[in-house]
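One structure is given below, encoded as structure tokens.
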Amino acid sequence: MRTPIIAGNWKMNKTIEEAIHIVNEIKNSLIEDVETVVCVPFTSLKEVKKELAGTKLKLGAQNMHWEESGAFTGEISPLMLKEIGVDYVIIGHSERRQYFNETDETVNKKIKAALKHNIIPIVCVGETLEQREANMENEIVKAQIVKAFEDIEAEEMANIVVAYEPIWAIGTGKTATKEEANDMISFIRKTIMDKYDKEISDKIRIQYGGSVKPSNISEIMEQSDIDGALVGGASLKPDEFIKLISF
Ligand code: 13P
């Protein structure tokens, strides 16, 4: 039985003050047996962590570097996130791949660094519209998965979450159909089974992301292989996010 996981990816939104307000709106509306995570900007992590004390709401960052320290101007290291008490970190979001030259190789390094520091990586994969129109989506996502998990040991896979986010569905209002999302997520599970084994692929949690909102969360969560959602826009509005976690 996989525990559902709903994570909000706030992206580059909200000041510290606004972040505190949002988490206070949602922290008392958590649902038993649904793991809930807020991935807030770096600047709000520490203050939000304080607000979450005594609640089951988990804290996530949206990126990190793979080195523990060094001459990497503008970067944040796993040690720094660990010090704050971050539980999760989003790795390889398509916006980072697209705008900040994140590659499968850096994704792989970051996953290894997160695992080393006991931060659970939420590893994002997904195809562009052009790739889907050319029927290449399986090939693309399979390559992303295989490269992301290069040299990752079987026993470490239990500490990883995957998020399938078709790029054409992010922030566009255009959601993948529940069948498209479930088909790809089953395919990701099979790819993981082929690399590891069935026990691991049955256990790993795989989220869907891309225009998830209160009106479509139920049908997404009803799918056999989908274990949760990574939510952008709708996670910024407390009332919508509460509806999402109570799917
Ligand atoms: P939206 O929910 O705004 O489409 O964003 C999805 C996303 O990128 C979450 O990481």
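Below, the figures for the structure above:
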read-out: Any hit, the stretch 115-124, residues being closer than 19 Å to A61 by Cβ and open to solvent by 60 Å² or more (accessible area, probe 1.4 Å); value: yes
read-out: Test for M1: is it at pLDDT below 95 and either open to solvent by less than 20 Å² (accessible area, probe 1.4 Å) or not polar (S, T, N, Q) (or both); value: yes
read-out: Pairs with Cβ under 6 Å, 6+ apart, first in the stretch 198-214 and among the aromatic types (F, W, Y), second near the ligand (Cβ under 9 Å from one of its atoms) and part of a strand (DSSP E or B); value: Y208/A229
read-out: So R189, is it within 17 Å of the chain's Cα centre (by Cα) and free of Cβ contacts under 8 Å to residues at least 40 places away in the same chain; value: yes
read-out: Criterion violated by N101 - all others in (1) polar (S, T, N, Q); (2) touching a Ser or Thr at 6+ places or on another chain (Cβ under 8 Å); (3) away from the ligand (no atom under 16 Å from the Cβ) satisfied; value: (2)
read-out: Helices (runs of 4 or more DSSP H) enclosed by the stretch 6-111 - at least 1 residues per element that are surrounded by fewer than 16 Cβ atoms within 10 Å (Cβ to Cβ) and touching a residue at least 60 places away in the same chain (Cβ under 8 Å); value: 16-26, 94-99
read-out: Within the stretch 1-19, tally of residues that are within 10 Å of the ligand (Cβ to nearest atom) and β-branched (V, I, T); value: 0
read-out: Residue in the stretch 62-84 that is within 20 Å of V212 (Cα to Cα) and either modelled with pLDDT of 95 or more or charged (D, E, K, R) (or both) present; value: yes
read-out: Single residue of I206, I145 found to be within 23 Å of I220 (Cα to Cα) and either assigned to a helix (DSSP H, G or I) or more than 18 Å from the chain's Cα centre (by Cα) (or both); value: I145
read-out: Which numbered condition E139 fails, given (1) charged (D, E, K, R); (2) away from the ligand (no atom under 16 Å from the Cβ); (3) assigned to a loop (DSSP other than H, G, I, E, B); value: (3)
read-out: Which listed residue is in contact with a Ser or Thr (Cβ under 7 Å, 6 or more places away or on another chain) and among the basic types (K, R), from K142, K112; value: K142
read-out: Evaluation of L244 against (1) open to solvent by 10 Å² or more (accessible area, probe 1.4 Å); (2) within 12 Å of the ligand (Cβ to nearest atom) (one fails), failing number; value: (1)
read-out: Residue, least open to solvent (accessible area, probe 1.4 Å), within the stretch 162-178, restricted to residues that are in contact (Cβ under 8 Å) with a residue 12 or more places away in the chain and away from the ligand (no atom under 12 Å from the Cβ); value: V162
read-out: Residues that are within 11 Å of the ligand (Cβ to nearest atom) and among the small types (G, A, S), drawn from the stretch 191-239; value: G209, G210, S211, A229, G232, G233, A234, S235
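The values are calculated or read from the model by the stated rules, or taken from the named source; none is laboratory data. On a predicted model such as this, the values are computed, not experimentally measured, just so you know. Every residue, glycine as well, gets a Cβ built from its backbone with ideal geometry; the counts of neighbours run over all protein chains shown. Keep in mind that these areas ignore ligands, DNA and RNA; they rest on the heavy atoms of the full protein, side chains included. Shrake-Rupley method; radii C 1.70, N 1.55, O 1.52, S 1.80 Å.
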